[in-house]
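Laboratory data are not the source of any read-out in this text; all were calculated from the coordinates shown. Being a predicted model, the structure only gives us computed values, none of them experimental. Positions of Cβ are backbone-derived with ideal geometry, glycine not excepted, and every protein chain shown enters the neighbour counts.
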Amino acid sequence: MHQTRLIYMGVILKNLTFQYRDSIHPIIEDLNLEIKENETIALLGISGSGKSTLLNLISSFQKPNSGSIELVNIDKSEVSYIRQSAMDMLFPWLTVKENIEFALKERNQLDSEAKERLVSLIKILGLTEKVNKKNYPTELSGGEKKRLSFACGLSYSPKLILLDEAFTGIDFSLKWELWSFLRAEIKRTKATVILVTHDFDEAIFLADRIVFFNSKKQIDTKEVKVNKADIVDIEKSLSEPSFIKTKGETLKIYKEINEAI
Amino acid sequence: MLPLFLAVLFSLLKLFSPAILKFPNVVEIYSDFFISLSDNSVLKAILSTARLILISSFVSVILGILFSFLLNLNKWIWSIFEPTLDFLRSIPVTFFIPAFAIILGISSPNIIWILAVIPSSLIIIVNVLHGIKQQNLNRLHQYYLISGKKSKISAFIKVTFFEVLPYFIAGFKISLSYAIVIVTVLEYMQMGNETGLGTLVYNEMEQLNYKRVYSIIIIVGLIGYILNQLIDKISQKYGRF
């Protein structure tokens, strides 16, 4: 048991409570959740149920009123937070290349090996032309900014990736492209991922487990386990029985939770 | 284009030549303006006034940034100093003249730029603090996350400084205009500087040399215009975001 604990890596939330200063009720109350090493969980729930607040707490942007957040064998510097608004992640005074290199430069880790990895990351995300042209983030389209935010967020191979509706507001083809890219990155880096989304397809394609936030600001005990081995290609998967079955199950629980309140 | 338009407009309205006062016309003023540029006393006055404007602007920038940073360190410091800042901002700089005249002496060569520093630095402080308040906190948090650093100074240099730069530039432009006004007006009032453009305007007025008075007004305007253009160029290069 002791040995298992030593090699364990992940996130443990214990009796977590958080209330905004102007609010009457806590947005998160007595929340308990455990995310294991190399596990991707998707948080589903209605707007205002505290999903994004939870990511803010895990990333230390906000401090809980009570309870604890334990990052097991993950240093705070190994956390990445990719947000819905790409510009919240980017530094507009730096070029595209400078933005991508920024994290590694600040950590004094921009060696030749890291540079090679970044070149490949830039290529995969289709940003080579923007890097060569020395463009600034404000000169990019919405989709390009989104790609750049992923490049920045993943440049330092984080062990814990937090995604807050990171795929909202982009077209299907780019969304699917980024889903596939992210899944490959997670597989490569063995990162633990917490994904906040309203998109069932996204949750099923990326997550190992879907947990539900109800508006009582607690995680519901019901959860959906996804067999990711069955879902390789998103376009093909959408029409596959296992995908449709998981989606139906997810929708059923989602409706049950919201109707019960 | 604007000076030319104004010249034509003023000539048509005969603003430069009321019959009784026999003011110079536009052609006389502009020709004197070009002549004055080769006049030693005018050149000396330009250098003297520009020097005071630059000193007061430089000191204002240093004080403005320093105080903004200190006031931003925590909310407690800010809540103590905010009423004082608002109080000082409400007082016209001319009201400070007697106090500084007693402290420094009315003929002190430093009295002009010191008085110019008061409103100029206050404007910069208010603008920079507003910029700090408006900065994107998600981006600041992002810096701490991706850099793996916790240092507030580092975050200020790498993120806050750039976030605040457009606000600083806007404040600096206004503070520069203030500095020009205060320096020239105090020179006109024969305080501290005996060789500045303000003093020269006063002397030329005394001698009823109106052509030169208007020439100097154009020169002061040009100094402000050139300095503003310079700031615009710098901000386009470094504050383009």
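List of remarks:
- Once backbone amide H atoms are built at 1.01 Å from N, A:ILE74 has A:GLY10 as its partners under 5 Å, excluding neighbours fewer than 5 places away on the same chain.
- Peptide-level mean, for A:97-108, of C-beta atoms on other protein chains within 10 Å: 2
- Out-of-range pairs (alpha-carbon distance over 19 Å; input A:LYS175/A:LYS252; A:LYS225/A:LYS245; A:LYS146/B:LYS150; B:LYS173/B:LYS211; A:LYS97/B:LYS150): A:LYS175/A:LYS252; A:LYS146/B:LYS150; B:LYS173/B:LYS211; A:LYS97/B:LYS150
- The simple spin-label model puts a point 7 Å past each Cα toward its Cβ; for A:LYS36 and B:ILE62 those points are separated by 6.3 nm.
- Helix A:241-260 and the long axis of chain A differ in direction by around 60°, with both axes built from C-alpha atoms.
- Two-site label geometry, A:ILE24 and B:MET205: point separation in nm, points 7 Å out along Cα→Cβ: 6.6 nm
- Average beta-carbon neighbours from other chains, 10 Å sphere, peptide A:80-92: 4
- Estimated distance in nm for a label pair at A:ILE124 and A:HIS198, the labels positioned 7 Å out from Cα along Cα-to-Cβ: 2.9 nm
- If only the Cβ of Lys and Arg carry +1 and only the Cβ of Asp and Glu carry -1, the dipole of chain B around its Cα centre is close to 1100 debye.
- Kirkwood hydrodynamic radius of the protein assembly as shown, Cα pairs, Å: 27.5 Å
- Chain A: most fluctuating residue of A:PRO158, A:PRO26, A:PRO64 per GNM, C-alpha cutoff 10 Å: A:PRO26
- Between 0 and 90 degrees, the angle of helix A:172-189 with respect to the longest Cα principal axis of chain A falls at about 90 degrees.
- For the protein assembly as shown, size of Cβ-based charge dipole, Lys and Arg +1, Asp and Glu -1, in debye: 480 debye
- Residue among A:GLY248, A:MET89, A:ILE210 farthest towards the positive dipole end of chain A, charges placed on Cβ: A:MET89
- Inter-chain Cβ neighbour count for B:132-141, averaged per residue, equals 4 (cutoff 10 Å, partner chain atoms only).
- In the distance distribution for chain B, Cα-Cα pairs more than 29 Å apart total 43 percent.
- Kyte-Doolittle mean at least 1.6 and Cα axial length at least 27 Å: DSSP H helices in chain B: B:40-72, B:111-134
- Computed [θ] at 222 nm, deg cm²/dmol, chain A (DSSP H ≥ 4; -39,500 (n - 2.57); rounded to nearest 500): -12000 deg cm²/dmol
- Between amide H atoms placed 1.01 Å from N, distances below 5 Å from A:SER66 occur with A:THR17, all of them 5 or more places distant or on a separate chain.
- Tensor-based shape of the range B:37-143 (alpha-carbon gyration tensor, a/c under 1.5 rounded, otherwise prolate or oblate): oblate
- 0 to 90° range, to nearest 10: angle between helix A:142-154 axis and chain A longest Cα axis: 80 degrees
- Residues with amide H under 5 Å from that of A:VAL193, placed H, sequence gap 5 or more: A:GLU39, A:THR40, A:ILE41, A:ILE161
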